[in-house]
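Quick notes on the structure that follows.
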Amino acid sequence: MEKQAWMAQADRVLMHTYNRYPVVLDHGEGMYLYETDGTKYLDFAAGIAVFALGYGNEEYNASLKEQVDKLLHTSNYYYNVPAYDAAKALCDASGMDRVFFTNSGTEAMEGALKLARKYYYNRHGEADSEIIAMEHSFHGRSMGALAVTGTKKYREAFGPLIGEVRFAKFNDLESVRLLVNEKTAAIVLEAVQGEGGIYPAEPEFLKGIRKLCDEKDILLILDEVQCGMGRTGTMFAYQQYGIEPDILTSAKALGCGVPVGAFAAKEDVAAAMVPGDHGSTYGGNPFACNAVRTVFRLYEKLNLCTHVKEMGVYLWDVLEQICKEFPVVTAHRGLGLMQGLELSIPVGTVVSACMQKGCILITAGSNVIRFVPPLVVERCHVDEMAKILRETLSEISGK
Ligand SMILES: *Cc1c(COP(=O)(O)O)cnc(C)c1O
């Protein structure tokens, strides 16, 4: 069947919640993706900051296959070894004490919000808590995660969402302080805002929030679904700020392609959850958790965080240069291998044109091109991407 006809057929059965690019992906190899017709793409999106190890990592794939033959699933009513190994690895990497595994980032946020509410309930004896979140944040699409997502167009049509949520300005500590009251249970934010347009938290802002939380007995929930798992050059972005959250959420690269997320917390906070408070049939199953423990093992073996730091600097220098060359590029932000270029021309056009030249990029916010390649990216790949981006920007901006 012709590609166009095949895509039309797919569009008739898949719910139209995405405007898809005319690309039918079939397989991947390292930093490259291939369509069913063999068309090759350099991948600078990694399935939205997921595929940290690149495509076809042999050790990772072998480990998944081995687990398939052993045990795919069992209930949380029983122990399984991969779940312990994965939880231990996540605790060691994050400084958290206890973990609950979920199937996605959204569910991790959902669990984090429930935990914060339960903790508040235990202290106040009433379920009248409030949450402070940030404008332009993104935390997922379920009712709870959506309620703390600071972009109106995502929320508007789906109300009423969960109770009192107030939105402060990211990187504006005073705006947060003004919203705090005796009912504030938690402040939730991303250390580096992803979907909102790649905005790293300023050190004084994040430290200030931590201090505010300590003073007022408020829980700090850091959503590291996108910026965690080595993306910024440390296992978790907050580790570069010298602070820790009370509750951490992770997903995306946590399973490197296997759908898995987690929320984790310090002991005294985690203790608020008791048997019966939360659950998930698939959450923490041996297949997903084997993927997680293998991901942690491979990060260590490949010394991935060190590599990200190096590549992050290289990507930064290359994008700075592009920033200087093209007046349509108006800003450059980011941390490690999570960077963005803000443009004064429609970013969708630029991303589509780059794709036609063989490089997959994604947008963030309304005017930002997001660079979140697999973490195994090398200098030659950055150069290859930069060449395509330069050609595209020259053509489109007429320079
Ligand atoms: C992607 C993302 C989520 C939602 O994760 P899903 O796995 O898509 O449910 C939540 N928070 C942040 C910061 C994200 O980038």
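When Tyr78 is tested against (1) assigned by TED's automatic domain parsing to the domain that holds Ser250; (2) surrounded by fewer than 21 Cβ atoms within 10 Å (Cβ to Cβ); (3) in a helix (DSSP H, G or I); (4) more than 16 Å from the ligand (Cβ to nearest atom), exactly one condition is not met: (3). Candidates Ala108, Ala83, Ala52: the one that is surrounded by 21 or more Cβ atoms within 10 Å (Cβ to Cβ) and in a loop (DSSP other than H, G, I, E, B) is Ala52.
The listed residues are Glu267, Glu325, Glu320, and the only one of them that is of a type in the set (Asp, Glu) and more than 17 Å from Ile369 (Cβ to Cβ) turns out to be Glu267.
Could you pull out the residue among Val318, Val313 that is surrounded by 14 or more Cβ atoms within 10 Å (Cβ to Cβ) and assigned to a helix (DSSP H, G or I)? It would help to see each step written out before you state the result.
Working: Val313 fails: surrounded by 14 or more Cβ atoms within 10 Å (Cβ to Cβ).
Every option except Val318 fails the conditions.
Can Val99 be described as in contact with a helix residue (DSSP H, G or I) (Cβ under 6 Å, 6 or more places away or on another chain) and away from the ligand (no atom under 16 Å from the Cβ)? The answer is yes for Val99. One residue alone among Val292, Val260 is among the β-branched types (Val, Ile, Thr), under 19 Å from Val376 (Cβ atoms) and buried (at least 23 other Cβ atoms within 10 Å of the Cβ), and that residue is Val292. Got at least one residue in the stretch 175-189 being touching a residue at least 24 places away in the same chain (Cβ under 8 Å), acidic (Asp, Glu) and not assigned by TED's automatic domain parsing to the domain that holds Val376? The answer is no, given that none of the residues of the stretch 175-189 is touching a residue at least 24 places away in the same chain (Cβ under 8 Å), acidic (Asp, Glu) and not assigned by TED's automatic domain parsing to the domain that holds Val376. Residues that are in contact with a Ser or Thr (Cβ under 9 Å, 6 or more places away or on another chain), assigned to a helix (DSSP H, G or I), at pLDDT 95 or above and buried (at least 23 other Cβ atoms within 10 Å of the Cβ) occur in the stretch 295-309; there is at least one.
The values are calculated or read from the model by the stated rules, or taken from the named source; none is laboratory data. Every value quoted in this text rests on a predicted model; they were computed, and no experiment measured them. Cβ coordinates were reconstructed from backbone atoms using ideal geometry, including for glycine residues, and neighbour counts include every protein chain displayed.
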